[in-house]
Amino acid sequence: MNYTFELKELQATQIVCLHHQGDMSLIPDTIGKLTQWAGPKGLLASPDNKLIAIYQQEEKGMSTDIGLMISQEIEGEGEIAKGILPGGLYAIGHFEIGIKDIPAAWSLMYTLPSKYQCKPCQGKPFEIYQSSPDQHPEGKCKIDICVPVQMIDLSLIEKKAISLLAECDTLMLASVTEGGYPRPVPMGKMKAEGLSQIWFSTGTFSDKTLQFQQNPKAGVCFMKGGDSVVLTGKMEIVSDMETKQALWSEWMFAHFPGGVTDPSYCILKFTSEEATYWIDNEFVKAKL
C-alpha cells in the first residue's frame, strides 16, 4: 500500500456539506448533488476547495457528511448546510490506492498512531479527496485520511510498565531457533533495571543459551491482569564471576550443584531496544 503518515495540527476550516444517512453505495449521488450546486457558484474552480467525506456514528448507524472545504464566505441553501471542520491534532495518512483498498487504509489509520505515542480521540474522522480514479493512469485515487488524535503520556505508561515488571517474577523469554522460529520459554527474573535491562540465570549448554550464541535477538514479555508489555532487544551471555556471584541464590544449587563456580551456570543479560505496551487499555509502541 502506497502511503505516507504524519501528525499535524490542522486549522478549523469552513465547509459546505450534504448529510447522507443510509445506503453507503448511494454516496456518489450525494456527491453529485453537492457538485451540481457548487459548480455554478465557482466553488469547484479553486484547487484549494477539496471534496471531503466526514464520518460519524449515530443511533441509526454510520452517517456521512459529503462536503467541500471552502476558503470564501458563502451561505448554504436548502439541504446544503454551512459548517466548520474542527481544527486540532490529526493523524493523517496520504494514500495513493485503489477504491477497494480504502477500507484497509482506514484500518491502518487506527493502528499507526500507537507508533507515534498517540491515540484516536473524540471527533469526526474524514477523508480529503485529492484526485479521482479517472485522473490516474492506474485508476487509483489520492486521498488523505484524517483521524483526530491526542498524545499519550509515555512517561506514565513506562512508569506503570516498570511497576508491572517488578510484580512479575516469571517472564516469557523468546530466542530464535536454528530454523528461524521464535522459541518462548518461562524464565524466572533475577534482576531488572527499569525496562532497559533484565537478567536471567540458565545453563551454559541450554538450548536458549546456544541459540543466543548464534543469534542475540531476543524477546521478553510479561503480564498481570489486563496489562502486558512486550520487549524486543539483544541478549548477552555473561560468565564473569562478579556478576554470577551477585545474582546467585541458594535455591540454584538444585540446578548447579557446583555452586557459583559450576561451569554449567551462566547469566543471560537482556537489553531492551523497543517496547509494546498495553497498559490501562492504551496500546503504545516506543523505542527504548
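For the reader, a short list of remarks on this structure follows.
- Sequence of Thr202, Thr261 from largest to smallest accessible area, 1.4 Å probe: Thr261, Thr202
- Computed with a 1.4 Å probe on the full set of protein chains, the accessible area for Asp207 sits at about 90 Å².
- Ordered by 1.4 Å accessible area with all protein chains kept, Asp280, Asp65 run largest first as Asp280, Asp65.
- Those aspartates and glutamates that a straight Cα-Cα span of less than 17 Å connects to Lys189, excepting residues fewer than 8 apart in one chain: Glu167, Asp169, Glu236, Glu250
- Per DSSP, loop chymotrypsin sites (Phe, Trp or Tyr not before Pro) in the stretch 104-201 with at most 13 further Cβ within 10 Å: none
- Per-residue [θ]222 nm for the chain (sum of -39500 (n - 2.57) over DSSP H runs n ≥ 4, rounded to 500): -5000 deg cm²/dmol
- Figure note: Met241, Met223 ranked by solvent-accessible area, largest first, 1.4 Å probe, ligands and nucleic acids not counted: Met223, Met241.
- Accessible area of the chain belonging to carbon and sulfur atoms, whole % at 1.4 Å probe: 54
- Alpha-carbon radius of gyration plus Dmax, which is the widest Cα pair, for the stretch 204-284 in Å: 15.8, 46
- For the chain, fraction of C-alpha pairs farther apart than 27 Å, in %: 57
- Largest first, the extents of the alpha carbon coordinates of the stretch 17-57 on the three principal axes equal 30, 17, 13 Å.
- Between Glu178 and Met151, the distance separating the two model label sites (each 7 Å from Cα on the Cα→Cβ line) works out to 5.0 nm.
- Surrounding net charge for Tyr3, when Lys and Arg each add one and Asp and Glu each subtract one, Cβ distance under 12 Å: -2
- Neighbour count of at most 15 Cβ within 10 Å plus DSSP loop: longest GluC sites (Glu not before Pro)-free window in the chain: 179-288
- Gap separating the Cα centres of the stretch 42-98 and the stretch 5-22, nearest whole Å: 4
The values are calculated or read from the model by the stated rules, or taken from the named source; none is laboratory data. Quick caveat, the model's predicted, so the values are computed rather than measured. Neighbour counts are summed over all protein chains in view; Cβ atoms, including those assigned to glycine, are modelled from backbone coordinates with ideal geometry. Calculation scope for accessible area: heavy atoms of the full protein, side chains included, ligands and nucleic acids excluded. Shrake-Rupley method; radii C 1.70, N 1.55, O 1.52, S 1.80 Å.
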